[in-house]
Amino acid sequence: MMIRRLALVSGLAVLSAVAFASQAGAQAVPQDVQFGGNITGTCTFTGTTPGTLAAIPNNPWVEASTGTTIGTTGTAGQTTVNCTSGGALSVAAPVRLAAPPTFVDTAKQAVVYDATANAFTSSAGAPFNNSGWLKPTTALTIPANTNRVLRVGMITGLNSAGAGAVPTGTYTYRVTLTATPN
């Protein structure tokens with residue numbers, strides 16, 4: 001019986017040694033998980049209010065310029081832009097959505113006035129040849145993470161003062177601003 005007991009204890013010792021040896025030989029293997037991405041800047045517009053078009057008696061155009069340094073007819077629209085990485089703002093010429101069929105709008109121009117930096121940008125195309133509306137057509141610089149209040153003026157019609165009044169009716173135009181992040 002003693003021999004059996006000795007054989008059993010010896011067998012257990014050998015098995016324990018083999019099990020411990022395989023456990024002792026195993027090592028932890030680290031694995032890194034990397035993360036990456038290309039984070040681009042964004043520009044957002046907030047607080048946009050529409051402008052109001054009005055006419056000057058005996059002149060063949062409508063405009064929205066009150067609130068800018070250009071004029072005092074109609075009311076300029078307003079919006080606020082913020083670009084997380086800075087950006088550039090450009091403006092398109094006014095697009096006719098509704099006007100009396102007899103209204104001639106060969107000259108169309110929009111001007112954006114940055115009330116903070118006293119800077120202007122203007123739409124290209126058929127500019128209104130008037131000293132108040134002669135503004136650069138370069139993009140307006142928007143600094144990073146800064147709310148910039150912009151006033152948007154527009155004018156459209158015939159570019160000839162004293163050439164008659166605009167037809168009565170409803171006038172609706174759209175001016176598109178594009179903010180491109182750096």
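Some points to look at:
- Residue match in segment 96-113 (condition: out of contact with any strand residue (DSSP E or B) (no Cβ under 9 Å at 6 or more places or on another chain) and touching a residue at least 40 places away in the same chain (Cβ under 8 Å)): yes
- Which listed residue, of 124, 110, 165, is farther than 18 Å from residue 87 by Cα and either part of a strand (DSSP E or B) or open to solvent by less than 60 Å² (accessible area, probe 1.4 Å) (or both): 110
- Flag set for residue 93, criterion: modelled with pLDDT of 90 or more, in a loop (DSSP other than H, G, I, E, B) and surrounded by 16 or more Cβ atoms within 10 Å (Cβ to Cβ).
- Criterion applied to 180, 156, 80 was being more than 24 Å from the chain's Cα centre (by Cα), hydroxyl-bearing (Ser, Thr, Tyr) and part of a strand (DSSP E or B), and the one residue passing it is 156.
- Looking only at segment 147-157, and only at residues there that are within 16 Å of residue 54 (Cβ to Cβ) and not charged (D, E, K, R), the one that is surrounded by the most Cβ atoms within 10 Å (Cβ to Cβ): 153
- On the stretch given as segment 37-64, residues that are open to solvent by 80 Å² or more (accessible area, probe 1.4 Å) and in a loop (DSSP other than H, G, I, E, B) total 6.
- Among the residues making up segment 155-177, those that are under 29 Å from residue 88 (Cα atoms), of a type in the set (A, V, I, L, M, F, W, C) and out of contact with any Leu (no Cβ under 8 Å at 6 or more places or on another chain) are 155, 175.
- Among the residues here, residue 72 does not qualify as under 24 Å from the mean Cα position of the chain (by Cα), modelled with pLDDT under 95 and part of a loop (DSSP other than H, G, I, E, B).
The values are calculated or read from the model by the stated rules, or taken from the named source; none is laboratory data. Being a predicted model, the structure only gives us computed values, none of them experimental. Every residue, glycine as well, gets a Cβ built from its backbone with ideal geometry; the counts of neighbours run over all protein chains shown. Note: areas computed on protein heavy atoms with side chains; ligands, DNA, RNA excluded. Shrake-Rupley method; radii C 1.70, N 1.55, O 1.52, S 1.80 Å.
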